[in-house]
1. Restrict the search to segment 1-102; then list the trypsin sites (Lys or Arg not before Pro) that DSSP places in a loop and that have at most 15 other Cβ atoms within 10 Å of their Cβ.
2. Determine the sum of side-chain charges near Gln33: Lys and Arg each +1, Asp and Glu each -1, restricted to other residues whose C-beta is under 10 angstrom from that of Gln33.
3. Cα-Cα over 21 Å: which of Lys59/Lys131; Lys7/Lys63; Lys11/Lys56; Lys11/Lys63; Lys65/Lys135; Lys7/Lys56?
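Every number in this text was worked out from the coordinates using simple rules, so none of it is lab data. All values reported here derive from a predicted model rather than from experimental measurement. Here the Cβ is made from the backbone with ideal geometry for all residues, glycine too, and neighbour counts use every protein chain on show.
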Amino acid sequence: MFSLVYKSIAKPSFKQEAIQEMLELARIYNNSQGITGCLLYYEGIFIQYLEGNQIKVLKLFDKIKEDLRHTQVRLLSHSEVEQREFKEWDMAFENCDGENEHMSFLKLFANDYTEEESIFWGRTSKVTFWKEVSKLINKKSPLKSN
């Protein structure tokens, strides 16, 4: 199983309703390709974790890089993983802006996560971050996107 994480900056015109429309289409596509993952939105920044077949995930990432709704798409990490973290989700989503009791402690790390040079974010810390996101999203919403 292959995983990939990237960040990007949403264009100011990319509003919440447009994000919801994008998520609906992404879930349909991901389901057809066997891709699962999670999209976080925090202060105008997207952080996305994708997992699945390496070729399919990389093909999707190529499409994402061409999407005009965001800029500065930057690959943060990629690796082989033993199992899916978001196996129940074609694309989980969490808006971390504002008050969000389920994600509040993870918000403390969101800025550091996007800093590629941060020594805090070794591979183990990033894996732990996504495991915690998965637990919190599953706890928050028993309804899966599948």
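1. Numbers: sites: Lys7, Lys15, Arg27, Lys56, Lys59, Lys63, Lys65, Arg69, Arg74, Arg84, Lys87; in loops: Lys15, Arg69, Arg84, Lys87.
Here the trypsin sites (Lys or Arg not before Pro) that fit, given the DSSP loop and packing criteria, are Lys15, Arg69, Lys87.
2. Numbers: positive: Lys56, Lys59; negative: Asp90.
Combined, the nearby Lys, Arg, Asp and Glu give +1.
3. Numbers: Lys59/Lys131 24 Å; Lys7/Lys63 14 Å; Lys11/Lys56 26 Å; Lys11/Lys63 17 Å; Lys65/Lys135 28 Å; Lys7/Lys56 19 Å.
Going by Cα-Cα distance, Lys59/Lys131; Lys11/Lys56; Lys65/Lys135 fall outside the 21 Å limit.
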